[in-house]
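Working notes, beginning with the structure itself.
The values are calculated or read from the model by the stated rules, or taken from the named source; none is laboratory data. It should be emphasised that the depicted structure is a prediction, and the values quoted were computed from it without experimental measurement. Note: ideal-geometry Cβ built from the backbone for every residue, glycine included; neighbour counts use all protein chains shown.
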Amino acid sequence: MQFSEFSLQLPVTDPTLIFFLVLVIILFAPVILERLHIPHIVGLILAGVLVGQHGFNILKQDSSFDLFGKVGLYYIMFLAGLEMNMEDFKSIRVKATVLGLLAFIFPLGIGIWTNMHLLEYSLVTSVLLASMYASHTLISYPIVLRYGINSQRSVGIAVGGTAVTDTLTLLVLAVISGLYKEEASDLFWVWLLVKVVVLSLVIMYLFPRICRWFFHRYNDNIVQYIFVMALVFLGAGLMELIGMEGILGAFLVGLVLNKLIPHVSPLMSHLEFVGNALFIPYFLIGVGMLINIKVLFGHFDSLKVAFVMIVVALSGKWIASWLTQKIYKMRAVERELMFGLSNAQAAATLAAVLVGYNIILPDGQRLLNEDVLNGTILLILVTCVVSSFITEYAAKRIVMDRAVEVVSEKIQKKEKFLIPLANPRTLEQLVGFSLLLRDKKDKDSLVALNVINDDNDSLKQELQGKHSLERAAQIMTEVDVEPKTVMRFDLNIATGIFHTAKEHDVTDIVIGLHHRKSIVDSFLGTLSENLLKKTCMQVMIARFHIPVTSLQCIIVAVPPKAEFECGFVKWISHLCRMSKHLDCQIHFYAHPQTSGYIRKYIRKKHKDINVVYTDLVSWEDLLILTGQMNYECLLVIVSARRGAISYDSSFEKLPGQISRYFNNNSVVLLFPEQNGEQQ
């Protein structure tokens with residue numbers, strides 16, 4: 001290929017460049033739109049609109065998008081079945097069935113009436129079009145996974161309802177498409193229903209037994225992953241073979257393999273990683289590439305059809321969620337979450353419109369015309385956007401509504417602090433700080449670590465690391481703590497710390513703040529930034545100018561909504577222990593609402609410490625602490641990872657503020673434990 005051809009041809013046709021551009025979109029679209037508070041799912045769909053043949057025509061929707069898109073669609077349904085809490089689902093299966101039936105009946109009934117009277121379509125066309133309103137796809141399901149609320153009953157109800165709704169929708173689709181086949185008989189739909197039931201029973205009986213036999217014989221994670229994927233596509237393929245959509249088969253395979261694949265197993269991690277990193281984003285980009293904004297806004301009929309479709313689809317799903325909430329006396333936020341999960345149109349909707357579009361009636365017209373086809377694309381875009389925003393909002397509300405008492409009473413595993421040691425000058429301060437945070441009853445709660453970058457100079461590093469670990473063990477022994485030291489070689493320091501934390505069941509990491517070596521170096525440093533991305537556990541990044549035992553007061557700056565993080569009571573307990581050990585005052589600066597939670601917890605669990613509270617109405621007022629600090633005070637700034645409930649954009653200013661106004665003070669940046677799984 002000549003360079004001129006390579007650089008000027010649009011759309012891009014070279015497979016290597018196509019794949020590269022897709023990866024760039026998957027990488028940067030969520031990052032850019034996250035700053036605008038737009039869900040990353042919507043970002044990928046909008047990116048597809050821009051790069052598709054109806055946008056800037058950078059990429060063409062070729063066979064790779066058909067293949068990977070279909071895989072991504074199956075992945076969404078498979079993971080939804082695989083990650084469903086089956087024990088909880090048994091108790092909510094009736095509720096899920098009720099939601100599924102309501103979410104099918106209301107959009108279908110309202111849709112048939114509006115299609116016949118407002119859009120003036122025939123009965124068959126109206127029924128097929130209305131069935132599209134009734135279907136939905138779990139586009140926003142990754143959001144509930146990110147917030148760690150997939151075990152909530154409202155999520156289980158919505159996922160179970162999806163199976164019911166989409167099954168009924170696909171049956172309607174199969175019946176209508178069968179009516180226009182020459183070989184279709186009068187008992188076509190009865191025969192189809194029998195085939196679906198028989199195949200479902202076969203999958204439910206055979207697949208778990210085959211999978212269990214295979215797992216017993218082969219332990220390799222990669223081989224197991226390939227085998228599970230083969231079962232998913234076998235189930236999907238068999239469903240398509242009998243005339244149904246493959247998404248039903250993929251969902252069913254996920255359900256039957258649910259108990260055979262533990263949620264914390266390496267196999268589950270591989271399944272989630274590959275799907276969320278590649279196949280599902282590919283599918284979302286492909287959905288965006290179907291949208292033709294020019295056609296939509298260039299024809300009034302298309303806009304009219306699209307408007308009716310959107311209103312009927314959203315209102316029908318909302319009525320179903322509202323009735324389910326009222327029937328079972330659920331909370332309003334649960335209704336919002338069910339509505340958010342159940343209103344996105346994609347999979348079965350696309351299948352229905354394409355089938356109807358390809359059916360040619362005896363008079364030469366299509367069963368579903370181009371207005372419906374274009375309106376469907378806008379329906380998909382709007383419902384996916386609405387679904388993502390509502391699910392994101394409801395998920396945050398559910399996490400925020402968790403009472404502090406519930407958090408504090410959760411069964412927590414034994415605390416264990418990991419102390420990565422790299423600088424001998426900060427060793428004693430970090431170990432001493434960790435000793436003040438721990439529970440005195442735990443004699444084996446500290447793990448000192450030295451990670452050696454495995455390069456040509458590793459021998460020198462090894463000698464220095466051994467000396468540091470010996471000194472750390474000596475300090476621990478002096479206070480009657482069982483010393484635990486670990487030395488490991490790794491090409492990446494952050495990865496070494498992360499794996500050690502997992503291997504030793506660590507709950508908290510205490511690490512020193514690095515020294516900036518150049519003007520382009522970040523405040524936290526690459527190591528700390530990578531560690532925060534890889535872990536969900538509590539991370540404390542410390543810098544001390546005086547011995548820890550010389551501290552006379554602890555000043556804690558707490559951001560609004562910190563009480564809604566799952567690690568809220570943990571860091572309060574740690575700082576209260578430290579205050580008690582040092583016999584010094586602890587002074588909380590927090591929003592009045594957050595301060596109320598802190599007061600309540602300390603009165604209940606740590607009422608004997610010397611504590612003072614001051615309102616910090618706005619996080620922008622953080623600089624007023626400069627007047628309260630002196631050389632013998634420790635400033636603890638409670639921050640949060642990006643995407644956490646208490647995260648605030650003003651956190652981006654913290655490095656500059658600390659460097660400029662608190663450079664001569666001892667500082668701890670505390671990142672609380674959050675919901676989610678380690679990467």
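Points worth noting:
- Those helices (runs of 4 or more DSSP H) of the range 246-346 in which at least 1 residues are modelled with pLDDT under 85 and surrounded by 18 or more Cβ atoms within 10 Å (Cβ to Cβ), considering only elements entirely within it, cover 246-256, 266-274, 280-289, 293-296, 300-327.
- Qualifying residue in the range 431-446 (condition: modelled with pLDDT under 85, part of a strand (DSSP E or B) and either surrounded by fewer than 22 Cβ atoms within 10 Å (Cβ to Cβ) or not small (Gly, Ala, Ser) (or both)): no
- The C-beta contact set for the range 542-566 (first residue outside the structural domain of ILE658 (by TED's automatic domain parsing), second residue charged (D, E, K, R), distance under 6 angstrom, 6+ apart or interchain) is empty.
- Any hit, the range 238-245, residues being within 26 Å of ARG146 (Cβ to Cβ) and assigned by TED's automatic domain parsing to the domain that holds VAL164: no
- Residues within the range 662-679 that are modelled with pLDDT of 85 or more and surrounded by 14 or more Cβ atoms within 10 Å (Cβ to Cβ), tallied: 10
- Subset of the range 464-486 (residues that are surrounded by fewer than 18 Cβ atoms within 10 Å (Cβ to Cβ), touching a Lys or Arg at 6+ places or on another chain (Cβ under 8 Å) and either modelled with pLDDT of 85 or more or among the β-branched types (Val, Ile, Thr) (or both)): GLU482
- Residues of the range 113-167 that are assigned to a loop (DSSP other than H, G, I, E, B) and of a type in the set (Gly, Ala, Ser): SER122, SER135, SER140, GLY148, SER151.
- Residue ID - surrounded by the most Cβ atoms within 10 Å (Cβ to Cβ), chosen from residues in the range 635-661 that are part of a helix (DSSP H, G or I) and small (Gly, Ala, Ser): SER650
- Residues of the range 548-558 satisfying the condition of being in contact with a helix residue (DSSP H, G or I) (Cβ under 7 Å, 6 or more places away or on another chain), at pLDDT below 90 and not hydroxyl-bearing (Ser, Thr, Tyr): VAL548, LEU551
- Residues that are in a helix (DSSP H, G or I), farther than 23 Å from LYS414 by Cα and in contact (Cβ under 8 Å) with a residue 12 or more places away in the chain within the range 471-493 comprise ARG471, ILE493, listed in sequence order.
- Consider the range 548-592 and keep the residues that are of a type in the set (D, E, K, R) and part of a helix (DSSP H, G or I). The one that is farthest from GLY432 (Cα to Cα) is GLU563.
- Checklist (1) under 19 Å from VAL667 (Cα atoms); (2) part of a helix (DSSP H, G or I) applied to SER595, failing item: (1)
- Check on GLU673, closer than 24 Å to THR535 by Cα and assigned to a loop (DSSP other than H, G, I, E, B): yes
The rows are residues; the columns are (1) crowded, with 18+ Cβ neighbours inside 10 Å; (2) touching a Ser or Thr at 6+ places or on another chain (Cβ under 7 Å); (3) modelled with pLDDT under 85.
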{"position": "PHE20", "(1), (2), (3)": "no, no, no"}
{"position": "VAL24", "(1), (2), (3)": "no, no, no"}
{"position": "ILE41", "(1), (2), (3)": "yes, yes, yes"}
{"position": "ASP62", "(1), (2), (3)": "no, no, yes"}
